[in-house]
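S.K.: Just passing along the structure, written as structure tokens.
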Amino acid sequence: MESAAAAAAAISRIGLAGLAVMGQNLALNIAEKGFPISVYNRTASRVDDTLHRAREEGGLPLTGHYDPRDFVLSIRRPRSIIILVKAGSPVDQTIATLARFLEPGDCIIDGGNEWYENTERRIAEVSASGLLYIGMGVSGGEDGARNGPSLMPGGSFQAYGNIQDVLAKVAAQVDDGPCVTYIGEGGSGNFVKMVHNGIEYGDMQLIAEAYDVLKNVGGLSNAELAATFADWNRGELESFLIEITADIFGVRDEFGEGELVDKILDKTGMKGTGKWTVQQAAELSIAAPTIAASLDSRYLSGLKEEREEADRVFKEVGVLGEALGRKRGIDKKALVDDVRQALYASKICSYAQGMNLLRAKSTEKGWNLNLGELARIWKGGCIIRAVFLDRIKKAYERNPRLANLMVDPEFAREMVQRQAAWRRVVGLAIEAGISTPGMSASLAYFDTYRRARLPANLVQAQRDLFGAHTYERVDRPGSFHTEWTKLARESKAGAGSLN
Ligand code: NBP
């Protein structure tokens, strides 16, 4: 009955279809900001839940609809409808359900974690009926959706203009504005969200490694870890992920002794955006070793039973010698300080990789992405929000053509200041048999990128020897090929052996 009245009056400013965790919370956020909203969901009970919450929260301007036609007709034209359903075919099905009632100039905004090419396909499909389309990354989980997410809308600029006022109000607010900006054409909004998630994988892995080293090399207790992360959150590492990590160490287990974190099975789940990021990095020939290491770590974590068996096998053959495990007489305070610095330097490398991936894709697709502006809209609302992002924003403002974040003069200085601590932590972990794939990958990335000469000359020589792939020389132009084997035989015949 609520829906019939709304349909007749067509009063809603915007519509939202898909009322699971994200949709329900974003709808309440939009309503709370004073924009009358119509909501719809395939299963009616979620509409009821949302209406119930809107009433409980003081009568927010939200109308629920059980029929897609009523839902569409209840929205003021040109209509803007956000879809927040499971990515993939549910999005196509939802579009098909709603498109029958939409009119030229109306816009569909998919807020899911969608593969960017699906968005580009849909842009082309709906344009045949005069409909506009936006693929919008939404980050911040349930809490972000309800209280202010980071929003990454890409696609129709005209459609963005129609909802700019709504997005600016519902997004998280930081010192330099709302955490939303028009990202670019096509599927750029989804692509940027995907890389955001890849960077998030990297951040979480680096934090987990810091925890591993502090706990298993330094012997820190959960209480000490909670205090350490809380302290780090007051400095250069201040961020949502560091803050929640501090909180996690303080939560007691309700079923037994100790803290809950120790009772959690060490198997990390994933939904695919990290894998897509690594696949895209490979497609575009962009090195993203820290993000790739975080993905590999999730895969290896999944092999719980195999790891338990390997633990048994290697213990039996005596791998756990004196050198491995906790160090005796370690200076905890010094270790904590070193790990903080290693984490910060590793994080710079990881963001450099994500940003370079975004730039490469932007060049390929002509998206004209503004990297500084992307860093700005990630400062609030999203999972990777951090004080540090303001520094990244400024680095790209100083030099929009910056080849790599690491060579920004400020970041370069910070990395050099931290490199001794960084090397100590990675070295200590290697010696103790504690794997730090993210920190090690970041350090190797730094050490590879900063060297004017690499051993790639030898690889080129090998390629030329077995495949006649040719090589260039450092001292003259052109492409060269050498009869390596023949010359090597000749020189061997005339030379003595090494002894
Ligand atoms: P889910 O990804 O769990 O999807 C559930 C929603 O999809 C329900 O509304 C469900 O309707 C609807 N749906 C499905 Br499943 N199949 C459908 C179909 N064939 N036709 C119509 N509707 C269908 O919801 P979520 O966790 O709220 O996430 C929504 C999107 O936001 C996803 O793309 C997700 O990746 C992304 N995201 C999630 C988070 C997060 O923290 N959860 C964060 C950022 C982005 P029903 O009620 O009728 O089954």
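Readers should treat all values here as calculations from the given coordinates under stated rules, not as data from a laboratory. Since the structure is predicted, the reported quantities are computational estimates derived from the model, not experimental observations. Here Cβ is always computed from backbone atoms with ideal geometry, including for glycine, and neighbour counts include all displayed protein chains.
S.K.: Quick check: from the Cα gyration tensor, does region 173-311 come out rounded (a/c under 1.5), prolate or oblate?
M.R.: Numbers: a/c = 2.27, a/b = 1.35, b/c = 1.68.
In terms of gyration-tensor shape, oblate.
S.K.: Rounding to the nearest 10 and keeping the result within 0 to 90°, find how far the Cα-based axis of helix 157-170 lies from the longest principal axis of the chain.
M.R.: 90 degrees
S.K.: On to the next question. Could the peptides 261-267, 32-38, 54-60 be put in order, highest first, of the mean number of other beta-carbon atoms found within 10 Å of their residues?
M.R.: Working: 261-267: 11.3, 32-38: 20.4, 54-60: 13.3.
Those peptides, ordered most packed to least, come out 32-38, 54-60, 261-267.
S.K.: When a/c is below 1.5 the answer is rounded, else prolate if a/b is larger than b/c, else oblate, so apply that to region 401-484 with a ≥ b ≥ c taken from the square roots of the Cα gyration tensor eigenvalues. Please list the in-between numbers first.
M.R.: Working: a/c = 3.71, a/b = 1.74, b/c = 2.13.
In terms of gyration-tensor shape, oblate.
S.K.: Tell me which trypsin sites (Lys or Arg not before Pro) from region 188-252 have a DSSP coil assignment and no more than 14 other beta carbons within 10 Å of their own. Before the final figure, lay out each step's value.
M.R.: On the way: sites: Lys193, Lys215, Arg234, Arg252; in loops: Arg234.
Those satisfying the criteria are Arg234.
S.K.: Tally Lys and Arg at +1 and Asp and Glu at -1 over the other residues with C-beta under 14 Å from the C-beta of Phe411: what net charge comes out?
M.R.: Values: positive: Lys347, Arg391, Lys393, Lys394, Arg398, Arg413, Arg418, Arg450; negative: Glu236, Asp390, Glu397, Asp408, Glu410, Glu414.
With Lys, Arg at +1 and Asp, Glu at -1, the net is +2.
S.K.: Taking the Cβ of Ile75 as the centre, find all other residues whose Cβ is under 13 Å away and add up their charges (Lys, Arg: +1; Asp, Glu: -1). Write out the running numbers ahead of the final one.
M.R.: Numbers: positive: Arg13, Arg69, Arg76, Arg77, Arg79; negative: Asp70, Glu103, Asp106.
Counting the neighbours of Ile75, the net charge comes to +2.
S.K.: Right, here's the next one. Counting other C-beta atoms within 10 Å, and keeping those with at most 12, which DSSP coil GluC sites (Glu not before Pro) do you find in region 230-318? Provide the component values of the computation, followed by the final result.
M.R.: On the way: sites: Glu236, Glu238, Glu243, Glu254, Glu257, Glu259, Glu283, Glu305, Glu306, Glu308, Glu309, Glu316; in loops: Glu236, Glu238, Glu254, Glu257.
Passing both the DSSP loop test and the Cβ count: Glu254, Glu257.
S.K.: Can you order the peptides 15-26, 137-148 by their average number of other Cβ atoms within 10 Å per residue, highest first? Could the numbers behind the result be given before it?
M.R.: Working: 15-26: 23.7, 137-148: 21.6.
The most tightly packed comes first, giving 15-26, 137-148.
S.K.: Computed on alpha carbon atoms, what radius of gyration and Dmax characterise the chain, expressed in Å?
M.R.: Cα-based Rg and Dmax for the chain come out at 26.7, 98 Å.
S.K.: Looking at region 394-499, which trypsin sites (Lys or Arg not before Pro) are DSSP coil and have at most 11 other C-beta atoms within 10 Å of their C-beta?
M.R.: On the way: sites: Lys394, Arg398, Arg401, Arg413, Arg418, Arg423, Arg424, Arg450, Arg451, Arg453, Arg463, Arg473, Lys486, Arg489, Lys492; in loops: Arg401, Arg450, Arg451, Arg453, Arg473.
Here the sparse-neighbourhood loop sites are Arg401, Arg451, Arg453, Arg473.
S.K.: Next question. Under 5 Å between amide H atoms, partner at least 5 residues away or on a different chain: which partners does Gly64 have, H built in plane at 1.01 Å?
M.R.: Under 5 Å from the amide H of Gly64 lie the amide H atoms of Val39, each far enough along the sequence or on another chain.
S.K.: Another one. Going 7 Å from the Cα of Thr448 toward and past its Cβ, which residues in region 160-199 have a backbone nitrogen under 18 Å from where you end up?
M.R.: Output list for this probe position: 199.
S.K.: Rounded to the nearest 0.05, what FRET efficiency is calculated for Arg121 and Glu224 with R0 set to 45 Å and r the Cβ-Cβ distance? Before the final figure, lay out each step's value.
M.R.: Values: r = 52 Å, r/R0 = 1.15.
Computed FRET efficiency for Arg121 and Glu224 comes out at 0.30.
S.K.: What net charge do the residues around Leu374 carry, taking every other residue with its C-beta under 11 Å from that of Leu374, with Lys and Arg at +1 and Asp and Glu at -1? Let's see the in-between values first.
M.R.: Values: positive: Lys193, Arg359, Arg376, Lys379, Lys393; negative: Glu373.
Counting the neighbours of Leu374, the net charge comes to +4.
S.K.: Moving on. Just tell me which lysines come within less than 25 Å, Cα to Cα, of Lys379; anything on the same chain fewer than 8 places away is out.
M.R.: Lys33, Lys169, Lys193, Lys271, Lys275, Lys347, Lys361, Lys393, Lys394
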